[in-house]
Structure formats: C-alpha cells, structure tokens
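The values are calculated or read from the model by the stated rules, or taken from the named source; none is laboratory data. Keep in mind that this is a model prediction, so the values were computed, not measured. Every residue, glycine as well, gets a Cβ built from its backbone with ideal geometry; the counts of neighbours run over all protein chains shown.
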C-alpha cells in the first residue's frame, strides 16, 4: 500500500509545486567573441606568448638544420679548445705556439711577443676582424 501512495503523492505534488513555484526565468547575456590572436584583432601583447607556444610545439627538424647545428657545435668546441690553449700560454708555462689556425670561416693568428700575446681573429663570412693584446704578468 505504501508503494501505491508514493506515485499518487508525487503526481499531486509536482503540479502544485510548478503552479506555486514556477522555475526561475533564465537570464542570459549576449555572447561576445574576443579573439586571442593579434592577427585577428586580439590583444597585441599575446603575440610573443602565442609565438613561444607555437615554437615549443613545433617538433619538425629539418635535416639541414641538424647538420648546421652539428657544424656549429664542432666549431664552438674547437674555438673553446683554442681559447683554453691561448689562456694557458699567457698564464702557464707551456702553451700555444705562435701560428695561424683556421676553423671554418674563422682564422685565428697567435703571435707571442715580448710584451704579451697578440691574438687576431678574422671572420671571412662577415669580413670582421678583432685583435686582442694580452700582456704577460
């Protein structure tokens, strides 16, 4: 008997509830599209963030880039080794002998004189050159 009374009570209560307490009127506002990308009218300050995000997600590596990276790393390693030898020759007992060293587009000339070590660096790709004089102590 209890099972029959539950649907009857629910059947009577639901219409009364809807009559005396109608559902709240839905309130909505106008949808406004705000673009994120500055190319399409978004904030100009988002440009660097979006470019950084795109660069981080870019997993494409060109084979030529890998070969160029390898060449750059090898050149940096050789130049670092030469810089260490030059430093050792200035501050140490045995070191780099005077001479010319060519690494890719870079030419390094080392001259050990009475006043100190003179290092001339020439970059043939840009045409720039630098001379460094390191006195003996």
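Screening residue 33 on (1) modelled with pLDDT of 80 or more; (2) assigned to a helix (DSSP H, G or I) shows it passes everything except condition (2). Looking at the stretch 2-12, can you tell me whether even one residue there is at pLDDT 70 or above and touching a strand residue (DSSP E or B) at 6+ places or on another chain (Cβ under 8 Å)? The answer is no, given that none of the residues of the stretch 2-12 is at pLDDT 70 or above and touching a strand residue (DSSP E or B) at 6+ places or on another chain (Cβ under 8 Å).
The lone criterion from (1) out of contact with any helix residue (DSSP H, G or I) (no Cβ under 6 Å at 6 or more places or on another chain); (2) at pLDDT 80 or above left unmet by residue 47 is number (1). Pull up the stretch 74-112, narrow it to residues that are exposed (fewer than 11 other Cβ atoms within 10 Å of the Cβ) and under 19 Å from residue 135 (Cα atoms), then point me to the one that is modelled with the lowest pLDDT. Going through the qualifying residues, I end up with 94. Hey, among 130, 126, which residue is within 36 Å of the chain's Cα centre (by Cα), modelled with pLDDT of 80 or more, loosely packed, with under 12 Cβ neighbours inside 10 Å and not in a loop (DSSP other than H, G, I, E, B)? Criteria check complete, one pass: 130.
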